[in-house]
Every structure is written in structure tokens, then in C-alpha cells.
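Working notes for the structure below.
The values are calculated or read from the model by the stated rules, or taken from the named source; none is laboratory data. Being a predicted model, the structure only gives us computed values, none of them experimental. For neighbour counting, all protein chains shown are included, and Cβ atoms are generated from backbone atoms with ideal geometry for every residue, glycine included.
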Amino acid sequence: MTPTQQLKNVIDNIEKVIIGKREVAELSVVAMLAGGHVLLEDVPGVGKTMLVRALAKSVGAEFKRIQFTPDLLPSDVVGVSIYNPKEMEFNFRPGPIMGNLVLADEINRTSPKTQSALLEAMEESSVTVDGVTMQIPKPFFVMATQNPIEYEGTYPLPEAQLDRFLIKVKMGYPTEREEMEVLSRVQQAAPIEELTSVMTLEELKALQKEVKSVHVDETIRSYIVELAGRTRNESYVYLGASPRGSIALMRASQAYAMLQGRDYVIPDDVQHLVIPVFSHRIIMRPEARYEGITAEEIIERIVIRTKVPVQRLVEQ
């Protein structure tokens, strides 16, 4: 079975539970394949948590959930050392972050101190407790959710935290037909309970290693750098995409190319992913918010104005 077919089997499996959100499922699989993390932002009840559970079951991953609340402590996330009087030594009890696929539910409801506990884990795939660094089992994938509507009692994620997410996705409401299908499926039983894995963790790790060999031409890398650079020079933008954003866009493009059955990246891959990869990395100026201009609109303008590198790719 080809890598493309394996990945599409995962997406098809997710669609048995999540109806009408194939693009969201694709982006989630792309992020996982690229070794990144996903921020799901949308109102309650549209299937964010169910998507994460379906993805975990589809790849046979160890699923852990962290329900973020204002009183949650960093030790509740990474774990804690507890003294054992019988053995006269401290034993480490791992927190829920020590899993393959971790759901960080309502991440903006906890304090910045606890939010920062995720930084090392998401960036280095490790946690440090009492001066001892421990590796998190691989593959390691975080999908965080947040509600953009309720602001009272929430702590907006700082830029450094947002930059750790490879992709930001919005679920959106289903259509009337899709919602009717949802009611039909859940009338007798919950589809998630019947879901089985279609990929093993070993197969996933092999694909994560293989995706790094997907070819990225110099013209494509130049295109990515130019797109990122233009976000830093927009009049409505206070802070543009970072070099980490450029790396994220390249990695995501490699994963998306593999999903499409190619071993090389084309400009269409970059254009398809630039908004979900860059939108949460851009800070808009106050005048942009007053005029109702969003980061997504700015990125669309940049893509339209930036020359697409077609000549060298045709020559090859």
C-alpha cells in the first residue's frame, strides 16, 4: 500500500465520525505527518474533541486528554515527583502530556504559567521535572482547542505559544444536509465507539521519516521565504511570520505533497497551506482590527501579489 493510500485511509476513517469536514481532517493529518501540532479554534459543539479522538483511534495512538481550567498547575500537565518512603527515593509520575496524541482542551482557559508548561513539550518533545529531562514517547502530537467567543475568564495564548502550532484550523458549522446525517448516525449509537485503527504507530513513524525526503526545489523555498518576508512589510501587520513559520510551511507542504501522491512540492501545495500555517503567526495593527481586516485577508493579498515560480519547475 502506498503512503498516499495509507493516509487517505486515515482520513476516510475519520469521516465515519466527522461528517463534511474532510479538509479539516486532511490538515490535521498533514500536521501530524509533518511532526507539528494543531490549534482547533471554533465554537463549542462542532466536533473538535471528536475529531481528535477519531484521529487517535485511526492511527492506534495512546490518547491523553488535558482539560484546562484556571486552577490547573504545570505539574498537572507534565507530571510530578513523589517521595516513596519504602524505597526512600522520589518516583516520577508522568502527567497526561506523556502520550502519543494529546488533546489540550480549552487551552486558553488556564493561566500563562500552565500554558508555558506545553512550550518545551511541543518544541522539544520532552519535559523537565526537578532538573531531569525526559523524552516523550514518539510519535507525539498535540491538538489544542479554544473557543474564540468567550473571553471572560480566558488567557489569550502568547505569540511564542501560538508559534509552536504548525497549523490553525477552524471547524465551522455543518450544512443542513450534513447535520441531518449527524443526527441519523448518532440516533442508535456513537460512531466513535465502533471506530478501529487503519494504521499502526510504527507505520506512522515510518511515514514521518519518509516525508522529509519529499523534494523541495530551491525556487519553492525562495517562494516560501518571499511570502513570509512580505508579511513583515505589510502596513496593517505589526508582527509578521517568523522563520519558524517558513520552516512550518515547507514541512507542511512536503506532507501535503505526499498526501497528493507526489515526491516533490509544487507552488499549489504552498498556496493551499499558507493561510492555516501563517494566519495565527501574524499580529495585526489596531487600525486593521478597526477596519475589519483579518490576517487571512492580508495573506490572500500577499499570495495574489507574489510571483509564482513556474519557469524552473517546467524546465526540470
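I'd like the residue in segment 4-32 that is in a helix (DSSP H, G or I) and of a type in the set (Lys, Arg) and, out of all such residues, is farthest from the chain's Cα centre (by Cα). Ranking the candidates gives Lys8 first. The set of residues from segment 174-190 being part of a helix (DSSP H, G or I) and in contact with a helix residue (DSSP H, G or I) (Cβ under 9 Å, 6 or more places away or on another chain) comprises just one member, Arg185. Does segment 140-162 contain at least one residue that is assigned to a strand (DSSP E or B) and more than 19 Å from Ala34 (Cα to Cα)? Among the residues of segment 140-162, at least one is assigned to a strand (DSSP E or B) and more than 19 Å from Ala34 (Cα to Cα), which makes the answer yes. Against the conditions (1) in contact (Cβ under 8 Å) with a residue 40 or more places away in the chain; (2) out of contact with any Phe, Trp or Tyr (no Cβ under 8 Å at 6 or more places or on another chain); (3) of a type in the set (Asp, Glu); (4) farther than 27 Å from Thr154 by Cβ, Glu123 satisfies every one except (4). No other residue among Leu183, Leu201 is closer than 22 Å to Ala61 by Cα and in the same structural domain as Val10 (by TED's automatic domain parsing) apart from Leu201.
Of the numbered criteria (1) within 21 Å of Ala160 (Cβ to Cβ); (2) of a type outside the set (A, V, I, L, M); (3) surrounded by 14 or more Cβ atoms within 10 Å (Cβ to Cβ), the one Glu124 fails is (3). Only one of the listed residues (Thr175, Thr133, Thr145, Thr154) is surrounded by 13 or more Cβ atoms within 10 Å (Cβ to Cβ), over 23 Å from Ala31 (Cβ atoms) and among the β-branched types (Val, Ile, Thr). That residue is Thr154. Would a scan of segment 169-183 turn up a residue that is out of contact with any Cys (no Cβ under 6 Å at 6 or more places or on another chain) and within 16 Å of Met32 (Cα to Cα)? Among the residues of segment 169-183, at least one is out of contact with any Cys (no Cβ under 6 Å at 6 or more places or on another chain) and within 16 Å of Met32 (Cα to Cα), which makes the answer yes. Contact map, segment 74-97: first residue assigned by TED's automatic domain parsing to the domain that holds Thr114, second residue in a strand (DSSP E or B) and of a type in the set (Ser, Thr, Tyr), Cβ cut-off under 6 Å, separation 6 or more or different chains; pairs are Phe90/Ser81; Phe90/Tyr83; Phe92/Ser81. Selection of segment 269-299 for residues being among the acidic types (Asp, Glu) and modelled with pLDDT of 95 or more yields only Asp269. Is at least one residue of segment 126-135 under 28 Å from Val10 (Cα atoms) and either assigned to a loop (DSSP other than H, G, I, E, B) or not hydroxyl-bearing (Ser, Thr, Tyr) (or both)? Checked against the condition, which is being under 28 Å from Val10 (Cα atoms) and either assigned to a loop (DSSP other than H, G, I, E, B) or not hydroxyl-bearing (Ser, Thr, Tyr) (or both), segment 126-135 yields at least one hit. Only helices (runs of 4 or more DSSP H) whose full extent lies in segment 191-298 are considered here, and the ones with at least 2 residues that are hydrophobic (A, V, I, L, M, F, W, C) are 201-210, 218-231, 243-259, 267-278. For segment 141-170, the set of residues classified as farther than 18 Å from Ala295 by Cβ and in contact with a Leu (Cβ under 8 Å, 6 or more places away or on another chain) consists of Phe141, Val142, Met143, Ala144, Thr145, listed by residue number.
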